[in-house]
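Since the structure comes first, as structure tokens, the remarks are kept for the end.
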Amino acid sequence: MKRNLHILSLILLVLLSASCRHTEEPTPLEITIPYGFPTRLNIPDDNPMTVEGVALGKCLFEDGHLSGYIGTEPDSMMSCADCHRREHNYDIGIDNPRFPNGKPHGRTGVYTHHNAMPLCNLVFNQEGYLWNGAVHFTNEPGARNIEDIVKAAILAEDEIGSTEARTLAALRQDDRYPEMFKKAFGSEEITMERIQKAIAQYVRSLVSGNSKFDRYLQGLEQLTPQELHGYILFTTEEGADCFHCHGSGGSPLFTTNLFYNNGLDAVYTDPSDRRGVTGNIWDQGAYRAPSLRNIAVSAPYMHNGRYQTLSEVLTFYNEGLQYSPYVSPLMHKLNEGGRHLTPNEIADLEAFLLTLTDEEFLYGK
């Protein structure tokens, strides 16, 4: 009898163990690292990538109810996708119907302090976020990672302009979300922390590494003579000398993710430049060197959206540099006002930059 009870107890333990394991866990998602890219990823330990988390994050990213409104009038709502459009490298775009000339403002009409930045390959960034790097992986509450940026964007007057309570109330009225949150986080509870985590997962999944230039590096496609000459100009100090800030060491990210004063202005009055973060006067007028991947569709350009075409940007670097003592020493032709390339050389450089466009990333499924 005792032996039978012992066997029965073992059976019950097995059944209980199986029942516990039956609870479905989110499916881990491994980032596919493109050829030649860094292998070190910036993913917090408390927010691992999952298939269900990314799917939820994409849905939330595109949902105007983040603004806390239930109505259907476009102007009463705002989503992340309103300013970060896929076909424009998840940047704002100069043809954005809501923001003429690509000048972004919040739902309430208050203009954003800086131009929007593309959300491309952020999972590889180890140097902080935003134009001035103010979000920089410290223990400072509210300024540590992409999750914090999501919450700030939802609450900021010059962005989505909601409140936590209003956003949660609006999303809780959507029948899609209870099951999606359960699959991603284990229960149907909708919280701001989970919203932040899901959208951050989605943003980290936005990896671009299949341009014509990438295929050239793999021997799958050839560059034209013009594109090759533009590549040589890009990577040499005697040429356009772009590589120090946009690809030092042959970085496939086409940015160092560091901060430079590029001679855009002679006088600097913006308190939220890099100096506003570090307190170092030599960081005055310095901003992040953005990635040049998909640069052809990432207008407007510069931290203040000053230029609307790639041609204008190249003209600036060629002949429009403004002297100040804070300009980066990497701007080797500062005293001459720019590189002074010939029109043919400028055309070749632009042709190379166009090879960095990843059609699959911008328009694929």
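Over all other residues within a Cβ to Cβ distance under 14 Å of H136, the charged ones net out to -2, with Lys and Arg as +1 and Asp and Glu as -1. Specify the residue with the greatest mean-square fluctuation among P141, P44, P329, computed from a Gaussian network of the chain linking alpha-carbon atoms under 10 Å apart. Its mean-square fluctuation being the largest, the pick is P141. The label point for R306 and the one for D174, both projected 7 Å from the Cα toward the Cβ, are 3.8 nm apart.
Within the range 220-365, all pairs of alpha-carbon atoms sorted by distance into 10 Å bins from zero give the percentages 11, 40, 36, 11, 2.
Rounded to the nearest 10 degrees, the angle from helix 310-319 to the longest Cα principal axis of the chain is 50 degrees.
Distance distribution P(r), the range 148-233, all Cα-Cα pairs, bin width 10 angstrom from 0: 14, 30, 18, 13, 18, 7 percent. Between the exposed loop cleavage positions of the chain, defined as chymotrypsin sites (Phe, Trp or Tyr not before Pro) in a non-H, G, I, E, B DSSP state with at most 13 neighbouring beta-carbon atoms within 10 angstrom, the longest gap is 36-322.
Let me check I've understood the local charge: for P26, count other residues with C-beta under 9 angstrom from its C-beta, Lys and Arg +1, Asp and Glu -1. What total comes out? Here the count lands on -2. Taking amide H positions as modeled 1.01 Å from N, with prolines and chain starts lacking one, the residues under 5 Å from D91 and 5 or more places away or on another chain are R85, L119. Helix 192-204 axis versus longest C-alpha principal axis of the chain: approximately 50°, rounded to the nearest ten.
Is it possible to state the helix-based mean residue ellipticity at 222 nm for the chain, with each DSSP H run of 4+ residues giving -39500 (n - 2.57), the sum divided by total residues, to the nearest 500 deg cm²/dmol? What is it?
The helix contribution divided over the chain gives -9500 deg cm²/dmol.
Just T309, T163, T269 to compare: in a GNM of the chain, with alpha carbon springs under 10 Å, which one fluctuates most? Its mean-square fluctuation being the largest, the pick is T269. Computed with the Debye formula from one identical point scatterer per Cα of the range 289-365, without solvent, the log10 of I(q)/I(0) at q = 0.17, 0.26 Å⁻¹ comes to -0.76, -1.33. Spatially, the range 49-126 and the range 256-291 are offset by 25 Å when compared through their Cα centroids.
I'd like the GluC sites (Glu not before Pro) in the range 27-109 restricted to DSSP loop residues with at most 12 other Cβ atoms within 10 Å, sorted by number.
Working: sites: E30, E52, E62, E87; in loops: E30, E62.
Loop-located and lightly packed - E30.
Comparing mean-square fluctuations of D214, D46, D273 from a GNM of the chain with C-alpha springs under 10 Å, the top value falls on D46. Each Cα pair of the range 88-156 feeds into the Kirkwood radius, which the Stokes-Einstein equation turns, at 10 °C and 1.306 mPa s, into a diffusion coefficient of 120 µm²/s. Compared with the dominant Cα axis of the chain, that is its longest principal axis, helix 146-155 is turned about 90°. For the range 213-255, the equivalent ellipsoid built from the Cα gyration tensor has semi-axes of 18, 14, 6 Å, listed from largest to smallest. In the calculated pair-distance distribution of the range 51-204, the portion above 26 angstrom amounts to 22 percent of the Cα-Cα pairs.
For the range 131-181, the list of trypsin sites (Lys or Arg not before Pro) that fall in a loop by DSSP and count at most 12 other C-beta atoms within 10 angstrom reads R176. Taking amide H as placed 1.01 Å from N in the peptide plane, the amide H of H105 sits under 5 Å from that of T112, each at least 5 places away or on another chain.
Pairs of lysine residues in the range 51-204 that meet both criteria, 8 or more places apart or on different chains and Cα atoms under 19 Å apart, total 7. Rounded to the nearest 20, the size of the Cβ-charge dipole of the chain about its Cα centre is 1160 debye, with Lys and Arg at +1 and Asp and Glu at -1. Using equal-weight Cα scatterers in the Debye expression, the normalised intensity of the chain in log10 at q = 0.10, 0.15 Å⁻¹ is -0.68, -1.37.
Residues with beta-carbon under 12 Å from that of R288, excluding R288: net charge, scoring Lys, Arg +1 and Asp, Glu -1? Overall, the nearby charge balance is -2.
Since every read-out is calculated from the coordinates, none of them should be taken as a lab result. Predicted, not measured: the structure shown is a model, and the values here were computed from it. No Cβ is skipped: glycine too gets one built from the backbone with ideal geometry, and neighbour counts run over all protein chains shown.
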